[in-house]
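Inspection log for the structure reproduced underneath, given as structure tokens.
The values are calculated or read from the model by the stated rules, or taken from the named source; none is laboratory data. All of these numbers come straight from a predicted model, not from anything done at the bench. Here the Cβ is made from the backbone with ideal geometry for all residues, glycine too, and neighbour counts use every protein chain on show. With ligands, DNA and RNA removed, areas are computed over all heavy atoms of the protein, side chains included. Shrake-Rupley method; radii C 1.70, N 1.55, O 1.52, S 1.80 Å.
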Amino acid sequence: MAAVYRLSPSILSADFSRLGEQIQKLEKVGTPWLHIDVMDGQFVPPVSFGDVVLKSIRPVTEMFLDVHLMVTEPDRFIDDYAKAGADMFTVHAEACTHLDRTLQHIHESGMKAGVALNPATGLQVLDYVLDKVDMVLIMTVNPGYGGQKYIPSMTAKIRDLRRKLDDAGYPDLPIEVDGGINSATIDTVLDAGASVIVAGSGVFKGDLEKNAQDLMGRIRAQEEK
Ligand code: DX5
Ligand code: ZN
């Protein structure tokens with residue numbers, strides 16, 4: 001059983017004119033992590049935001065800042081994001097020419113290192129770097145946009161990864177899932193072995209405090225199983 005169970009709301013779906021206020025509402029209801037989606041218009045079509053936004057979030061919250069880099073060659077950004085206050089720096093395996101070196105660089109900068117996999121990417125890219133990975137992010141939609149539908153074949157992928165990590169001696173290595181997670185899909189991914197749950201539209205659409213509390217309740221129920 002994975003040790004870390006967390007909700008990590010994605011600010012990609014936030015109202016940016018009230019970002020600080022929305023983050024503080026989430027923190028008040030006990031949301032532990034905040035997911036920050038960085039897009040460069042190259043690895044994925046849209047451009048989102050960068051370390052300038054992170055820098056202004058850091059002083060207003062103590063939440064764990066979980067940064068997801070949807071950019072090519074993310075090494076370019078490691079030092080700036082460490083300085084801006086990121087706690088976890090997650091890179092796509094598909095975007096790194098030298099993944100092993102990138103993971104070392106992330107650790108040297110004082111952040112935790114995550115590896116993200118697109119839906120069509122196999123789990124074998126993790127085989128020789130597991131000792132340098134603090135979290136694996138399974139994309140449950142193709143990255144780039146909020147509000148997409150969960151890809152059902154990802155349930156088997158999460159289950160396969162959980163088994164692989166347990167067999168390799170990493171039973172506590174958390175699996176994060178990202179894309180299409182809401183009150184209708186969360187139990188499926190939790191049952192399959194995910195423990196860090198990203199939700200964008202599932203939190204920010206409608207009443208964000210109520211949505212966050214509902215999803216955290218479902219995560220707690222799984223943790224207590
Ligand atoms: C998608 C991003 C996600 C996105 C999820 O490329 O990585 O974090 O915000 O949004 P929802 O939860 O709405 O699918
Ligand atoms: Zn994300």
Only listed residue being near ligand 1 (Cβ under 8 Å from one of its atoms), at pLDDT 95 or above and of a type outside the set (Lys, Arg), chosen from Gly169, Gly193, Gly206, Gly146: Gly146
Members of the range 57-71 found to be open to solvent by less than 10 Å² (accessible area, probe 1.4 Å) and either in a helix (DSSP H, G or I) or on the phi > 0 side of the Ramachandran plot (or both), listed by number: Ile57
Flag for Asp66 being more than 16 Å from the chain's Cα centre (by Cα) and of a type outside the set (A, V, I, L, M): no
Residue within the range 151-168 that is within 15 Å of ligand 2 (Cβ to nearest atom) and open to solvent by 60 Å² or more (accessible area, probe 1.4 Å) present: no
Helices (runs of 4 or more DSSP H) lying entirely in the range 140-225 (those with 2 or more residues that are among the aliphatic types (A, V, I, L, M)): 154-167, 186-192, 208-223
Tally, over the range 89-133, of residues that are among the charged types (D, E, K, R), within 16 Å of ligand 2 (Cβ to nearest atom) and not in a helix (DSSP H, G or I): 1
Asp37, sole failed condition from (1) under 20 Å from Val203 (Cβ atoms); (2) part of a loop (DSSP other than H, G, I, E, B): (2)
Out of Pro74, Pro45, sole residue that is within 20 Å of Gly144 (Cα to Cα), surrounded by fewer than 16 Cβ atoms within 10 Å (Cβ to Cβ) and in contact (Cβ under 8 Å) with a residue 24 or more places away in the chain: Pro45
Contacts under 8 angstrom Cβ, first residue in the range 173-186 being open to solvent by less than 20 Å² (accessible area, probe 1.4 Å), partner within 11 Å of ligand 1 (Cβ to nearest atom) and among the acidic types (Asp, Glu), 6 or more apart: Glu176/Asp66
Residue list for the range 21-34, restricted to those being part of a strand (DSSP E or B) and in contact (Cβ under 8 Å) with a residue 60 or more places away in the chain: Trp33
All positions within the range 69-102 that are within 16 Å of the chain's Cα centre (by Cα) and of a type in the set (S, T, N, Q): Thr90
Residues located in the range 77-103, provided they are open to solvent by 30 Å² or more (accessible area, probe 1.4 Å) and of a type in the set (Val, Ile, Thr): Thr97
Candidates Leu54, Leu12 - the one that is touching a Gly at 6+ places or on another chain (Cβ under 7 Å), within 21 Å of Met135 (Cα to Cα), open to solvent by 10 Å² or more (accessible area, probe 1.4 Å) and part of a helix (DSSP H, G or I): Leu12
The one condition in (1) without any contact (Cβ under 8 Å) to a residue 40 or more places away in the chain; (2) under 27 Å from Gly30 (Cα atoms); (3) in contact with a Gly (Cβ under 8 Å, 6 or more places away or on another chain); (4) of a type in the set (D, E, K, R) that Lys210 fails to fulfil: (3)
Members of the range 27-45 that are farther than 16 Å from Ile57 by Cβ and not aliphatic (A, V, I, L, M): Gly30, Asp40, Gly41, Gln42, Phe43, Pro45
